[in-house]
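> Following this message is one structure expressed as structure tokens.
The values are calculated or read from the model by the stated rules, or taken from the named source; none is laboratory data. The structure presented is a predicted model; accordingly, all values stated were derived computationally and were not measured. Glycine gets a Cβ as well: all are built from the backbone with ideal geometry, and neighbour counts include every protein chain shown.
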Amino acid sequence: MKTTPSRSRTILTNDEILRQIRSLLESPEDDLSAGLLKELMAGIIKLHDAHLEPLDLKIVNRAIKELRHAFRVFRDYHHRKKVSIFGSARTTADDPNYRIAFDFCRRVVEAGFMVITGGADGIMRAAQEGAGRENSFGVNIMLPFEQGPNNTIADDPKLVTFKYFFTRKLIFQKEANAIALFPGGFGTHDEGFEILTLAQTGKSEPQPIICLQAAGCDYWDDWYGFIKRQMLDRRLISPEDLGLFKITSSVQEAIDEIRTFYTRFHSIRYVGRQLAMRLTSPLSAEQVAAIHEQFADLLLEGTFELRGALPEELDEPDLKDLPRLVFASNRRSAARLRQLINHVNRL
């Protein structure tokens, strides 16, 4: 009887583990990374003390391995902006939505972005054919069917395969600077609504979220009708939440939406109650005063201030020289914050 060889596992010896732990414990007190690793190690020890079931430990172990590998893959591309692409694995090459996914990703690469897809067939294959292998990441998922890697990304070092959806979706969101949703099934809606939930609740960085459909296709139009009738009209969402995403059939309009978003806005960081909005070019004192008049509802207290990096931001040396718009945020409406970003970009 033929047996399948088991995958080799690199297991450190006890002496090697103790040597690495000793080195970690001897790290300087001001080493932030070492401090976080110490906390992580302490958490692992507590897992042992909790006497968890082997299945629970397997979940923790696999999740850490998946994230560790994914972080390492993306690390070398940290300074490249990326667009995460969602859509059906069942879309065929003769579908107009396949073509618009191809065209969009070709154009978005020309604009300086890379693309991240689920790495499978359909819209994902169209996106990676448009972007090209060198500008593509694949974050695949193990499924019984329909989810093997497409030919463009197969065997590429930038292909990561996940067992768990939650680790995969974390990477989709964490590494993205923009989101593009194409027509799809349950999976696309699961991912799309999670993206919108994170945006609405302020749990993700502000970013463009675009729903793309081919000319003559009413997929996202019908979806928008449901959102308005069943969510907005019942007051389950706020009117400004509709500004978190854009529906279009124009590749050019989608590209413009992404590029315009980063006209002046760079990123945000919360430091306690302070929100530091990093900008690629400064604002004038008059513009800041006008912002206070129009967006005072975003303030917890005080006013808007144009300044340099906060002391806590100096752990990001690449960003320390960017000008900031800093204010005490009440964090009540991420959609309203998006309106402020749009305003700053238009100035």
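> Testing Leu52 on (1) assigned to a helix (DSSP H, G or I); (2) not assigned by TED's automatic domain parsing to the domain that holds Pro149, one condition comes back false. Which one is that?
Answer for Leu52: the failing condition is (1).
> Go through the range 214-226 and report how many residues are surrounded by fewer than 13 Cβ atoms within 10 Å (Cβ to Cβ) and outside any helix (DSSP H, G or I).
3
> Identify, from the list Gly119, Gly43, the residue that is modelled with pLDDT under 95, more than 28 Å from Phe265 (Cβ to Cβ) and crowded, with 16+ Cβ neighbours inside 10 Å.
Residue meeting the stated conditions: Gly119.
> While we're looking at this one, here's another question. Given the conditions (1) part of a helix (DSSP H, G or I); (2) within 27 Å of Leu310 (Cα to Cα); (3) not hydrophobic (A, V, I, L, M, F, W, C), which single one is not true for Arg229?
(2) is the only condition that Arg229 fails.
Results for (1) assigned to a strand (DSSP E or B); (2) of a type in the set (S, T, N, Q), shown as yes or no for each residue.
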position	(1), (2)
Arg259	no, no
Ile268	yes, no
Arg278	yes, no
Ser281	no, yes
Ile291	no, no
Leu300	yes, no
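> Evaluate the range 245-256: report whether one residue or more is in a loop (DSSP other than H, G, I, E, B) and either within 30 Å of Glu313 (Cβ to Cβ) or touching a Ser or Thr at 6+ places or on another chain (Cβ under 7 Å) (or both).
Yes, some residue in the range 245-256 is in a loop (DSSP other than H, G, I, E, B) and either within 30 Å of Glu313 (Cβ to Cβ) or touching a Ser or Thr at 6+ places or on another chain (Cβ under 7 Å) (or both).
To keep it simple, each residue is scored yes or no on (1) under 22 Å from Ala180 (Cα atoms); (2) touching a residue at least 60 places away in the same chain (Cβ under 8 Å).
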site: Gly225; (1), (2): yes, no
site: Arg229; (1), (2): no, no
site: Ser238; (1), (2): no, yes
site: Asp241; (1), (2): yes, yes
site: Gln274; (1), (2): no, no
site: Asp297; (1), (2): no, no
site: Leu306; (1), (2): no, no
site: Glu313; (1), (2): no, no
